[in-house]
Amino acid sequence: MLNSFRLFSSLLLCGLLAACSTAPKVGGHRIDTSLQAEGQNSRVRHLVLHYTSADTPTSIKVLTQKNVSSHYLITDEQPPKLYRFVDESQRAWHAGVSQWHDHVDLNTSSIGIEIVNAGRLPDHSWAPYQPAQIELLTALLQELVERHRISPANIVGHSDVAPQRKIDPGPLFPWEQLARAGLGRWYDQEQALRHQAQFELFGLAPYAEIQQMLKQAGYEVPLHGQWDKASQNVLAAFQMRYRPSLYDGQPDAQTLGILKALLD
């Protein structure tokens with residue numbers, strides 16, 4: 001009994017000494033972290049998804065040794081491997097000049113997730129994502145959403161937040177599949193068809209109204225009522241995500257029906 005007590009006391013003392021030695025200090029004074037404030041939340045508001053347009057070894061090299069980075073990387077190995085290159089408390093350099101709703105500089109408020117995928121191929125087709133990659137991504141997103149309390153509308157692609165520069169994660173990315181799992185935003189099909197029928201019967205909305213709807217959906221878009229190249233790029237990004245069969249950046253009844261249903 002005495003030996004057991006001595007052993008317990010020794011272990012307790014070692015634990016206390018270890019805690020003291022690892023406690024943060026300022027100017028030789030230990031910082032007491034035993035109390036936590038109620039008034040706090042995560043800095044993370046957005047999850048931004050990318051493809052790498054490179055193979056796994058190249059992607060790892062670029063994301064760890066160049067002036068670009070991401071928090072996570074999902075490889076194309078069998079089975080895929082999940083890397084974390086940047087701690088979630090730190091700012092990774094993955095989004096660049098970006099905006100979603102009124103939030104600018106998405107690097108500051110987001111977690112970036114890269115998926116190894118070749119993207120657009122030389123013959124203008126697109127490389128498919130592996131089911132195992134999407135399965136791993138789904139598990140990661142579910143964990144991040146729960147921990148950081150991410151809104152479905154704030155799970156976005158690089159093309160959503162930078163439509164003038166980027167097209168990833170591309171038209172083959174399974175946004176609807178993720179949305180069915182509660183990870184992201186989707187529209188009601190019946191409502192979209194009803195709105196589409198109205199646009200077919202009465203004509204398309206004016207350009208200024210289309211731009212306002214895109215802005216309401218979160219996109220940075222001109223509001224001048226002219227259908228210029230910038231407006232086309234924004235609508236193409238929207239179509240690539242919600243109507244990937246055709247993403248020409250031109251308004252049509254089906255696209256506007258989906259857009260209006262999404263806002264409903």
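No lab work stands behind these numbers, since they all come straight from the coordinates. The structure displayed is predicted, hence computed values, not measured ones. Please note: Cβ atoms are built from the backbone with ideal geometry, for glycine as well, and neighbour counts cover all protein chains shown.
Some points to look at:
- Fully extended contour minus Cα-Cα distance, from GLU176 to SER151, at 0.36 nm per residue: 7.4 nm
- Positive-end residue, the chain charge dipole about Cα centroid, Cβ charges, pick of TRP175, HIS124, GLY27: GLY27
- Working note: 222 nm ellipticity from helices only, DSSP H runs with n ≥ 4, each -39,500 (n - 2.57), summed and divided by the residues of the chain, gives -13000 deg cm²/dmol to the nearest 500.
- Phi-derived couplings, Karplus 6.51 cos²θ - 1.76 cosθ + 1.60 at θ = phi - 60°, listed residue by residue for segment 217-233: 6, x, 7, 7, 9, x, 10, 9, x, 9, 8, 8, 4, 4, 5, 4, 4 Hz, with x used for Gly and Pro.
- Simple point charges give the picture: +1 on the Cβ of Lys and Arg, -1 on the Cβ of Asp and Glu, and for segment 46-180 a dipole about the Cα centre of about 220 debye.
- With a threshold of 25 Å on the Cα-Cα distance, the over-threshold entries among LYS166/LYS229; LYS61/LYS229; LYS66/LYS229; LYS25/LYS61; LYS61/LYS215; LYS25/LYS66 are LYS61/LYS229; LYS66/LYS229; LYS25/LYS61; LYS61/LYS215; LYS25/LYS66.
- Given charges at beta-carbon only (K, R positive; D, E negative), |dipole| of the chain in Debye: 880
- Centroid-to-centroid, using Cα positions, segment 126-140 and segment 209-240 are 29 Å apart.
- Intensity falloff of segment 189-263 expressed as log10 I(q)/I(0), Debye formula with alpha-carbon point scatterers, at q = 0.12, 0.20, 0.23 Å⁻¹: -0.27, -0.78, -1.04
- Rg to Rh, two decimals, where the chain supplies the alpha carbon set and Rh follows Kirkwood: 1.12
- Between segment 71-117 and segment 171-193, the alpha-carbon center distance in angstrom: 21
- Applying both filters, DSSP loop and at most 16 other Cβ atoms within 10 Å, to the GluC sites (Glu not before Pro) of segment 30-117 gives GLU38, GLU77, GLU88.
- Relative compactness, segment 116-264, computed as alpha-carbon Rg over 2.2 N^0.38 Å: 1.07
- Across segment 46-180, Cα-Cα distances exceeding 26 Å account for 14% of all pairs.
- Comparing LEU121, LEU235, LEU49 in a Gaussian network model of the chain where C-alpha atoms under 10 Å apart are linked, the largest mean-square fluctuation is found at LEU121.
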